[in-house]
Amino acid sequence: MSFSAMTKAEMARVMPRKRCCQIAELTAIIGMDGTVKGGAHGEPALIMSSQSAPVARKIYKLCKLLLQPLAIQVAVTKKPNLKKRNVYHVLIPYQSGAREAFAPLGLSFAGEGWQVNWRPIALEKRCCQKAYLRGAFLGGGSVNDPEGTYHLEMITRDPVHSQTICEVMSFFDLSPRISERKQYHVVYLKESDQIVQFLNVAGAHRALLEFESTRVVKDMRNRVNRLVNCETANLSKTVDTGVRQVEMIRLLEEKMGLEKLPLPLREIARLRLEFPDASLRELGQMLDPPIGKSGANHRLRKLEEMAKELEVGQGRK
Ligand SMILES: [Zn+2]
(Lines give C-alpha, C1' and ligand atoms only; values in the text may rest on other atoms or scores of the structure.)
Protein backbone atom coordinates (compact mmCIF):
# COMPACT_ATOMS: atom_id res chain seq x y z
CA MET A 1 0.00 0.00 0.00
CA SER A 2 1.36 3.44 -0.90
CA PHE A 3 2.02 6.00 1.84
CA SER A 4 -0.87 8.05 0.48
CA ALA A 5 -3.32 5.11 0.57
CA MET A 6 -2.16 4.23 4.08
CA THR A 7 -2.71 7.83 5.24
CA LYS A 8 -6.20 7.86 3.71
CA ALA A 9 -7.12 4.52 5.26
CA GLU A 10 -6.06 5.85 8.65
CA MET A 11 -8.05 9.09 8.27
CA ALA A 12 -11.03 7.04 7.06
CA ARG A 13 -11.07 5.20 10.39
CA VAL A 14 -11.36 8.45 12.38
CA MET A 15 -15.11 8.86 12.86
CA PRO A 16 -16.19 12.20 14.35
CA ARG A 17 -18.69 11.76 17.15
CA LYS A 18 -20.34 15.16 17.01
CA ARG A 19 -22.92 15.91 14.35
CA CYS A 20 -21.36 19.31 13.59
CA CYS A 21 -18.08 17.62 12.67
CA GLN A 22 -19.80 14.89 10.65
CA ILE A 23 -21.49 17.58 8.54
CA ALA A 24 -18.20 19.46 8.09
CA GLU A 25 -16.40 16.31 6.96
CA LEU A 26 -19.07 15.09 4.54
CA THR A 27 -19.47 18.58 3.06
CA ALA A 28 -15.75 18.71 2.35
CA ILE A 29 -15.88 15.26 0.71
CA ILE A 30 -18.81 16.35 -1.48
CA GLY A 31 -16.80 19.43 -2.45
CA MET A 32 -13.92 17.30 -3.69
CA ASP A 33 -15.58 14.24 -5.13
CA GLY A 34 -19.31 14.63 -5.12
CA THR A 35 -21.26 15.16 -8.27
CA VAL A 36 -24.64 16.69 -7.62
CA LYS A 37 -27.21 16.28 -10.32
CA GLY A 38 -30.48 18.13 -10.54
CA GLY A 39 -33.34 15.62 -10.46
CA ALA A 40 -36.24 15.45 -12.91
CA HIS A 41 -38.67 16.45 -10.18
CA GLY A 42 -36.53 19.08 -8.57
CA GLU A 43 -34.82 16.61 -6.28
CA PRO A 44 -31.06 16.13 -6.31
CA ALA A 45 -29.05 12.99 -6.83
CA LEU A 46 -25.57 12.71 -5.40
CA ILE A 47 -22.69 10.45 -6.42
CA MET A 48 -19.46 10.25 -4.44
CA SER A 49 -16.63 8.12 -5.80
CA SER A 50 -13.32 6.93 -4.37
CA GLN A 51 -10.67 4.40 -5.28
CA SER A 52 -10.23 3.68 -1.60
CA ALA A 53 -12.59 1.14 -0.02
CA PRO A 54 -12.09 2.53 3.52
CA VAL A 55 -12.95 6.03 2.27
CA ALA A 56 -16.09 4.76 0.50
CA ARG A 57 -17.15 2.97 3.69
CA LYS A 58 -16.72 6.18 5.64
CA ILE A 59 -18.76 8.18 3.13
CA TYR A 60 -21.52 5.56 3.36
CA LYS A 61 -21.51 5.73 7.16
CA LEU A 62 -21.61 9.54 7.18
CA CYS A 63 -24.51 9.54 4.70
CA LYS A 64 -26.38 7.02 6.83
CA LEU A 65 -25.89 9.21 9.88
CA LEU A 66 -26.73 12.53 8.23
CA LEU A 67 -29.17 11.82 5.41
CA GLN A 68 -31.65 9.45 7.02
CA PRO A 69 -34.18 8.36 5.90
CA LEU A 70 -32.93 8.70 2.30
CA ALA A 71 -32.13 5.54 0.35
CA ILE A 72 -28.37 5.14 -0.14
CA GLN A 73 -26.80 2.75 -2.65
CA VAL A 74 -23.28 1.45 -3.17
CA ALA A 75 -21.74 0.36 -6.49
CA VAL A 76 -18.31 -0.79 -7.67
CA THR A 77 -16.90 -0.25 -11.15
CA LYS A 78 -13.49 -0.86 -12.71
CA LYS A 79 -11.35 2.00 -13.93
CA PRO A 80 -11.21 1.83 -17.73
CA ASN A 81 -7.41 2.12 -17.80
CA LEU A 82 -4.85 -0.70 -17.85
CA LYS A 83 -4.66 -1.23 -14.12
CA LYS A 84 -8.44 -1.76 -13.89
CA ARG A 85 -8.55 -0.59 -10.30
CA ASN A 86 -11.81 -0.70 -8.39
CA VAL A 87 -13.74 2.52 -7.99
CA TYR A 88 -16.34 2.63 -5.22
CA HIS A 89 -19.43 4.81 -5.53
CA VAL A 90 -21.90 5.93 -2.91
CA LEU A 91 -25.13 7.03 -4.63
CA ILE A 92 -28.13 8.86 -3.34
CA PRO A 93 -30.69 8.49 -6.14
CA TYR A 94 -33.51 10.91 -6.99
CA GLN A 95 -36.11 10.66 -4.27
CA SER A 96 -38.53 12.83 -2.40
CA GLY A 97 -37.34 14.38 0.83
CA ALA A 98 -33.82 14.86 -0.56
CA ARG A 99 -34.21 18.64 -0.58
CA GLU A 100 -34.69 18.82 3.19
CA ALA A 101 -32.04 16.22 3.92
CA PHE A 102 -29.41 18.00 1.83
CA ALA A 103 -30.02 21.49 3.20
CA PRO A 104 -27.62 21.16 6.18
CA LEU A 105 -24.88 20.11 3.76
CA GLY A 106 -25.06 23.41 1.90
CA LEU A 107 -27.22 22.22 -1.00
CA SER A 108 -30.14 24.44 -1.90
CA PHE A 109 -32.64 24.72 -4.73
CA ALA A 110 -32.35 27.93 -6.75
CA GLY A 111 -34.73 28.51 -9.64
CA GLU A 112 -33.80 26.11 -12.40
CA GLY A 113 -31.38 23.87 -10.53
CA TRP A 114 -29.54 22.97 -7.40
CA GLN A 115 -26.85 25.19 -6.08
CA VAL A 116 -24.00 24.14 -3.94
CA ASN A 117 -22.60 26.25 -1.16
CA TRP A 118 -19.48 24.35 -0.25
CA ARG A 119 -18.78 26.56 2.73
CA PRO A 120 -20.35 24.66 5.58
CA ILE A 121 -22.28 26.48 8.23
CA ALA A 122 -20.17 25.13 11.04
CA LEU A 123 -16.62 26.16 10.22
CA GLU A 124 -16.32 28.38 13.29
CA LYS A 125 -15.36 25.62 15.67
CA ARG A 126 -11.94 24.00 15.92
CA CYS A 127 -13.41 20.47 15.95
CA CYS A 128 -15.29 21.11 12.70
CA GLN A 129 -12.31 22.75 11.02
CA LYS A 130 -10.22 19.63 11.62
CA ALA A 131 -12.99 17.38 10.31
CA TYR A 132 -13.35 19.60 7.24
CA LEU A 133 -9.65 19.32 6.35
CA ARG A 134 -9.77 15.55 6.88
CA GLY A 135 -12.76 15.37 4.51
CA ALA A 136 -10.97 17.47 1.90
CA PHE A 137 -7.99 15.11 2.01
CA LEU A 138 -10.17 11.99 1.86
CA GLY A 139 -12.10 13.40 -1.08
CA GLY A 140 -9.26 14.69 -3.25
CA GLY A 141 -5.96 14.48 -1.42
CA SER A 142 -2.69 12.65 -1.80
CA VAL A 143 0.70 12.76 -0.11
CA ASN A 144 4.08 11.64 -1.45
CA ASP A 145 6.08 8.95 0.26
CA PRO A 146 8.50 10.91 2.52
CA GLU A 147 11.40 8.99 0.94
CA GLY A 148 10.86 11.18 -2.14
CA THR A 149 10.16 14.91 -2.43
CA TYR A 150 7.85 16.31 0.22
CA HIS A 151 4.44 17.04 -1.28
CA LEU A 152 0.83 16.96 -0.07
CA GLU A 153 -2.04 18.15 -2.22
CA MET A 154 -5.83 18.37 -2.47
CA ILE A 155 -7.51 18.78 -5.84
CA THR A 156 -10.93 20.27 -6.52
CA ARG A 157 -12.70 21.71 -9.54
CA ASP A 158 -14.40 24.34 -7.40
CA PRO A 159 -12.37 27.58 -6.95
CA VAL A 160 -14.46 28.64 -3.94
CA HIS A 161 -13.84 25.32 -2.27
CA SER A 162 -10.08 25.56 -2.84
CA GLN A 163 -10.13 29.02 -1.23
CA THR A 164 -12.09 27.70 1.75
CA ILE A 165 -9.59 24.89 2.24
CA CYS A 166 -6.71 27.40 2.26
CA GLU A 167 -8.55 29.63 4.72
CA VAL A 168 -9.25 26.77 7.14
CA MET A 169 -5.65 25.56 6.82
CA SER A 170 -4.41 29.03 7.78
CA PHE A 171 -6.22 28.68 11.15
CA PHE A 172 -3.69 25.92 11.92
CA ASP A 173 -0.59 27.94 10.94
CA LEU A 174 -0.46 26.24 7.56
CA SER A 175 0.42 28.30 4.51
CA PRO A 176 -0.66 26.33 1.43
CA ARG A 177 -0.30 27.48 -2.14
CA ILE A 178 -2.69 27.00 -5.05
CA SER A 179 -1.78 26.05 -8.58
CA GLU A 180 -4.06 25.51 -11.58
CA ARG A 181 -3.89 22.19 -13.41
CA LYS A 182 -6.27 22.15 -16.38
CA GLN A 183 -9.74 22.72 -14.89
CA TYR A 184 -8.52 21.80 -11.42
CA HIS A 185 -7.38 23.86 -8.47
CA VAL A 186 -4.57 22.21 -6.54
CA VAL A 187 -4.00 23.21 -2.91
CA TYR A 188 -0.57 21.97 -1.88
CA LEU A 189 2.12 21.95 0.80
CA LYS A 190 5.83 21.44 0.10
CA GLU A 191 7.52 21.82 3.47
CA SER A 192 7.93 18.74 5.62
CA ASP A 193 7.04 20.62 8.85
CA GLN A 194 3.79 21.79 7.29
CA ILE A 195 2.89 18.31 6.06
CA VAL A 196 3.51 16.91 9.55
CA GLN A 197 1.25 19.61 10.98
CA PHE A 198 -1.50 18.79 8.46
CA LEU A 199 -1.35 15.05 9.26
CA ASN A 200 -1.59 15.94 12.94
CA VAL A 201 -4.60 18.23 12.47
CA ALA A 202 -6.41 15.65 10.31
CA GLY A 203 -5.81 12.90 12.87
CA ALA A 204 -3.41 10.68 10.87
CA HIS A 205 -1.06 10.02 13.77
CA ARG A 206 0.46 6.76 12.56
CA ALA A 207 1.19 8.28 9.15
CA LEU A 208 2.72 11.24 10.99
CA LEU A 209 5.08 8.97 12.96
CA GLU A 210 6.14 7.12 9.84
CA PHE A 211 6.68 10.40 7.99
CA GLU A 212 8.79 11.75 10.86
CA SER A 213 11.00 8.68 11.22
CA THR A 214 11.63 8.50 7.47
CA ARG A 215 12.47 12.18 7.48
CA VAL A 216 14.97 11.79 10.35
CA VAL A 217 16.75 8.89 8.64
CA LYS A 218 16.80 10.76 5.33
CA ASP A 219 18.20 13.94 6.89
CA MET A 220 20.90 11.97 8.66
CA ARG A 221 21.84 10.14 5.45
CA ASN A 222 22.08 13.47 3.63
CA ARG A 223 24.27 14.93 6.35
CA VAL A 224 26.61 11.91 6.28
CA ASN A 225 26.81 12.13 2.48
CA ARG A 226 27.68 15.82 2.69
CA LEU A 227 30.43 15.10 5.24
CA VAL A 228 31.85 12.27 3.16
CA ASN A 229 31.87 14.46 0.05
CA CYS A 230 33.61 17.21 1.97
CA GLU A 231 36.23 14.80 3.38
CA THR A 232 36.81 13.32 -0.06
CA ALA A 233 37.32 16.78 -1.50
CA ASN A 234 39.86 17.65 1.23
CA LEU A 235 41.65 14.37 0.78
CA SER A 236 42.03 14.70 -2.98
CA LYS A 237 43.21 18.29 -2.51
CA THR A 238 45.94 17.07 -0.11
CA VAL A 239 46.98 14.33 -2.51
CA ASP A 240 47.09 16.71 -5.50
CA THR A 241 49.20 19.19 -3.55
CA GLY A 242 51.57 16.43 -2.44
CA VAL A 243 52.03 15.15 -5.99
CA ARG A 244 52.79 18.66 -7.27
CA GLN A 245 55.28 19.31 -4.47
CA VAL A 246 57.05 16.00 -5.05
CA GLU A 247 57.49 16.89 -8.75
CA MET A 248 58.98 20.25 -7.91
CA ILE A 249 61.35 18.80 -5.28
CA ARG A 250 62.52 16.20 -7.80
CA LEU A 251 63.26 19.06 -10.18
CA LEU A 252 65.34 20.82 -7.53
CA GLU A 253 67.15 17.59 -6.73
CA GLU A 254 67.98 17.03 -10.36
CA LYS A 255 69.04 20.59 -11.21
CA MET A 256 70.91 21.69 -8.09
CA GLY A 257 70.93 18.83 -5.56
CA LEU A 258 69.04 18.92 -2.27
CA GLU A 259 72.25 19.16 -0.19
CA LYS A 260 72.67 22.75 -1.41
CA LEU A 261 69.41 23.77 0.24
CA PRO A 262 69.44 25.46 3.67
CA LEU A 263 68.77 22.90 6.40
CA PRO A 264 65.12 23.80 7.21
CA LEU A 265 64.20 23.50 3.52
CA ARG A 266 66.21 20.36 3.00
CA GLU A 267 64.52 18.61 5.92
CA ILE A 268 61.02 19.30 4.74
CA ALA A 269 61.91 18.43 1.15
CA ARG A 270 63.16 15.00 2.26
CA LEU A 271 60.00 14.41 4.35
CA ARG A 272 57.78 15.39 1.45
CA LEU A 273 59.53 12.92 -0.84
CA GLU A 274 59.06 10.21 1.75
CA PHE A 275 55.41 11.05 2.58
CA PRO A 276 53.73 12.43 -0.55
CA ASP A 277 50.18 11.97 0.91
CA ALA A 278 50.80 13.67 4.27
CA SER A 279 49.01 16.90 5.05
CA LEU A 280 51.00 20.05 5.86
CA ARG A 281 50.12 19.66 9.52
CA GLU A 282 51.43 16.08 9.55
CA LEU A 283 54.66 17.07 7.79
CA GLY A 284 55.23 19.87 10.30
CA GLN A 285 54.75 17.43 13.20
CA MET A 286 57.42 15.11 11.82
CA LEU A 287 60.11 17.78 11.97
CA ASP A 288 62.45 18.11 14.94
CA PRO A 289 61.51 20.46 16.55
CA PRO A 290 57.98 20.22 15.15
CA ILE A 291 56.42 23.23 13.42
CA GLY A 292 52.82 24.20 12.64
CA LYS A 293 50.86 23.97 9.45
CA SER A 294 51.64 27.54 8.37
CA GLY A 295 55.38 27.03 9.03
CA ALA A 296 55.41 23.92 6.86
CA ASN A 297 53.43 25.77 4.19
CA HIS A 298 55.94 28.64 4.30
CA ARG A 299 58.94 26.34 3.75
CA LEU A 300 57.30 24.47 0.90
CA ARG A 301 56.35 27.75 -0.76
CA LYS A 302 60.00 28.79 -0.61
CA LEU A 303 60.98 25.54 -2.33
CA GLU A 304 58.32 26.17 -4.94
CA GLU A 305 59.67 29.65 -5.66
CA MET A 306 63.17 28.26 -6.07
CA ALA A 307 61.90 25.57 -8.45
CA LYS A 308 60.09 28.23 -10.48
CA GLU A 309 63.21 30.34 -10.75
CA LEU A 310 65.14 27.31 -11.94
CA GLU A 311 62.51 26.61 -14.60
CA VAL A 312 62.52 30.22 -15.78
CA GLY A 313 66.33 30.24 -15.83
CA GLN A 314 66.28 27.10 -17.97
CA GLY A 315 63.73 28.60 -20.30
CA ARG A 316 66.14 31.48 -20.98
CA LYS A 317 68.95 29.21 -21.97
ZN1 LIG B 1 -17.58 20.08 15.31
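The values are calculated or read from the model by the stated rules, or taken from the named source; none is laboratory data. On a predicted model such as this, the values are computed, not experimentally measured, just so you know. Note that we place each Cβ from the backbone using ideal geometry, even for glycine, and neighbour counts take in every protein chain shown. For accessibility, only protein heavy atoms count, side chains too; no ligands or nucleic acids. Shrake-Rupley method; radii C 1.70, N 1.55, O 1.52, S 1.80 Å.
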In Å², nearest 10: area of Arg19 left accessible to a 1.4 Å probe: 130
Fluctuation leader among Val55, Val246, Val87 - the chain, Gaussian network, Cα springs under 10 angstrom: Val246
Carbon/sulfur fraction of accessible area - the range 186-253, other protein chains in place, 1.4 Å, %: 55
5 angstrom amide H check on Val87, placed H, neighbours 5+ away: Thr77, Lys78, Lys79
Residue with peak Gaussian network fluctuation, the chain [Cα springs, cutoff 10 Å], from Val217, Val196, Val168: Val217
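Rounded to the nearest 0.05, what FRET efficiency is calculated for Leu209 and Lys64 with R0 set to 35 Å and r the Cβ-Cβ distance?
Details: r = 31 Å, r/R0 = 0.90.
Efficiency, from the Cβ-Cβ distance: 0.65.
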Coil-residue chymotrypsin sites (Phe, Trp or Tyr not before Pro) of the range 137-206, DSSP, other Cβ within 10 Å capped at 13: Phe171
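Please report the relative contact order for the range 168-317, taking Cα pairs under 8 Å with a sequence separation of at least 6, and give it as a percent rounded to a whole number. Don't skip to the end; give the middle numbers.
Details: 103 pairs, mean separation 23.1, N = 150.
Computed value for the range 168-317: 15 percent relative contact order.
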Per residue solvent-accessible surface (Å²) - the chain, probe of 1.4 Å: 56
Portion, in percent, of the accessible area of the range 46-87 that falls on carbon or sulfur, probe 1.4 Å: 58
Length added when fully stretched, Tyr94-Arg221, from 0.36 nm per residue minus Cα-Cα: 40.0 nm
Overall Cα dimensions of the chain - principal axes, largest extent first, Å: 112, 39, 32
